[in-house]
Structure formats: structure tokens, C-alpha cells
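Here is the structure we will look at, set down as C-alpha cells.
Derivation of every value follows stated rules applied to the coordinates shown; laboratory data play no part. The structure displayed is predicted, hence computed values, not measured ones. Here Cβ is always computed from backbone atoms with ideal geometry, including for glycine, and neighbour counts include all displayed protein chains.
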Amino acid sequence: MKKVVFIMLAICICLLAIGQNDTPKVSIDEVAISPPAFTGIKNYVDFATVDANYLQQYLTANIEYPEEAQRCSSEGTEVIKFNVNARGEVTDIDIVNGVCPEIDKELVRVLESTNGMWKPGIKDGIPVSMEQEVSIVFSLSGNAEQTHEKFVTIATTCFSKGAECFFEKGKAKRAEQLFTRGMTYMPHDQSLLLMRGLCRYERGNHEGAREDWTRLVELGSTVDMNSDFFVQIEGWEAYEALTAILEGK
């Protein structure tokens, strides 16, 4: 099996997910937080020399670009969440944005192989469970700049066609498909998340819509609620649901 042709890696540590019930609760006045650290060595004890690049190096060395995915020219940005518990174990692996089932399976395999290689996150001196998020770009081109340009072009085209389908043609199902395809390449694009959520809401999938809009908030929404878009949908039932989430109600 061929090695990954090209991987770009981004790691996001979600500090809001701390304090899950792996350790007893304590009463504290000030909180000092240290995120989980990847050591790259099973049952590693001396954490003083942990390098922030260890995880990137490990994933780059161990992830394989599945042959079936290559044959199908499957490309995109895989986003995966997982917890590192108070014992340094990897748990609750969740695919946030999948490129294809073969790549999903490969990412889960490699992340599971890191079990026991983590220094747990620390909250005020006590090991706690923390959530991490990893984004990995799978591309057949092998060139970071070309890949980025290609992915942006595809996502932009999907957004434009999706907006046309939704607002001008009233085809919410087709629009949702286009926004989803765009997110395969640019899963953190807030416009795609916003519009896919709107399509889902209008099609009766209110839970899916709220998931997209909540994700928007998690990413640090920069949506302008005074924009023409919000004026256009004002009065819709979806408008009330969307603004409530963006305003934290």
C-alpha cells in the first residue's frame, strides 16, 4: 500500500471539553490548564522533552493513503475528534468531516495506535479528559499550494451553485448536496456550514441544522448578522433558530 501522497495537519485542542469524569471533582479558585501532549512512545514517563511536532511526525509516518481512495481519486480534508482521558488513553473517536469510508477507517486505525502515547491534559495540577481535533488534507497532487488553490476553487464553485439552487430554484436537497461536497474540501468554511444548516432546516432536519450552526460557533463564528443574507431570511422559522444559536441563547 502506498504511503500518503500528501498530508497537511492541523491540531486543535478544545479546552471547553475539560473536566470529564475521569477524576474526582475538586474545589478550586484559579484554573491552570495544560492540553494533552503526544509523546510518540508507549507508556512514556519523562514528559519534559515532549515536542509539539511529535503527533504530526507520527501521523505523517504512519497514515497510508488507501488504495481504493486513490483509485477513486478521493481527496479532501478529514476532520476527526477524540478524547485523551486522564490516563492518557484515546477514546471517543468521532469523524467530524469524512472524505470517504476508506480514509475514515485509516484515520481511526492510526489514532487508535497512539493509545498509551499521550500525556494527559492537566487542570490545576490534576489529569483530566480533554478533547482534541485533527484536520488532515488528503491530496494526490503532492503540492501544498496547488492543493489549497484546487480545494478553494472546488468549495467556492459548490457554494455558488448551492446558493443558486436554494434561493433561485428552490432545490434545497440539491443545494445541501453541493454544500456538503464543498465541505469535503473546506470543512471549516463558515459560509458552507451556514448554508448547509439552512438547507437542512428547510428540509425538516432541524437537528442536523443545529449541529452545523453549533459547529459554526465552535469555530469562532465571524458571521455578520446584519448582512443581506440575514435580511433575506428574516421572518423564516430557520432565522429564529439560527440567530438563537449564534447569540448563545
Task: Residues whose placed amide H lies under 5 Å from that of ALA86, excluding near-sequence neighbours - done: SER129
Task: Mean projected area in nm² (Cα convex hull; one quarter of hull surface) for region 94-249 - done: 12.1
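Let me know the shape class of region 93-133, please: from the alpha-carbon gyration tensor, a ≥ b ≥ c as square roots of the eigenvalues, rounded when a/c is under 1.5, otherwise prolate if a/b is greater than b/c, or oblate.
On the way: a/c = 5.49, a/b = 2.20, b/c = 2.49.
Judged from the Cα gyration tensor, region 93-133 comes out oblate (a/c at least 1.5, b/c at or above a/b).
For region 162-236, what is the Kirkwood estimate of the hydrodynamic radius, computed as the reciprocal of the mean inverse distance between distinct Cα atoms, to one decimal in Å?
On the way: mean 1/r = 0.0806 Å⁻¹.
This gives a value of 12.4 Å.
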- [ ] May I ask you to sort SER73, SER141, SER221 by Cβ crowding, counting other Cβ atoms within 10 Å and putting the fewest first?
- [x] SER73, SER141, SER221
Task: Other-chain or far-sequence residues with amide H under 5 Å of VAL96's (modelled H) - done: VAL79, ILE80, LYS81
- [ ] Find the relative contact order for region 147-246 and round it to a whole percent, using C-alpha pairs within less than 8 Å whose residues are 6+ positions apart.
- [x] 21
Task: Under the Karplus curve 6.51 cos²θ - 1.76 cosθ + 1.60, θ = phi - 60°, whole-Hz ³J(HN,Hα) for region 175-182, x wherever Gly or Pro sits - done: 4, 4, 4, 5, 5, 5, 5, x
- [ ] Quick one: compute a quarter of the convex hull surface over the Cα atoms of region 147-201 and quote it in nm².
- [x] 3.1
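Treat the count of other C-beta atoms within 10 Å as a stand-in for reagent exposure and order GLU145, GLU218, GLU202 from fewest to most. Provide the component values of the computation, followed by the final result.
On the way: GLU145 8, GLU218 12, GLU202 20.
Listing GLU145, GLU218, GLU202 from fewest to most nearby Cβ atoms yields GLU145, GLU218, GLU202.
For region 132-203, which trypsin sites (Lys or Arg not before Pro) pass both filters: DSSP loop (anything but H, G, I, E, B) and at most 12 other C-beta atoms within 10 Å?
Values: sites: LYS150, LYS161, LYS169, LYS171, LYS173, ARG174, ARG181, ARG196, ARG200, ARG203; in loops: LYS169, LYS171, ARG203.
Counting only loop positions with at most 12 other Cβ atoms within 10 Å, the trypsin sites (Lys or Arg not before Pro) in region 132-203 are LYS169.
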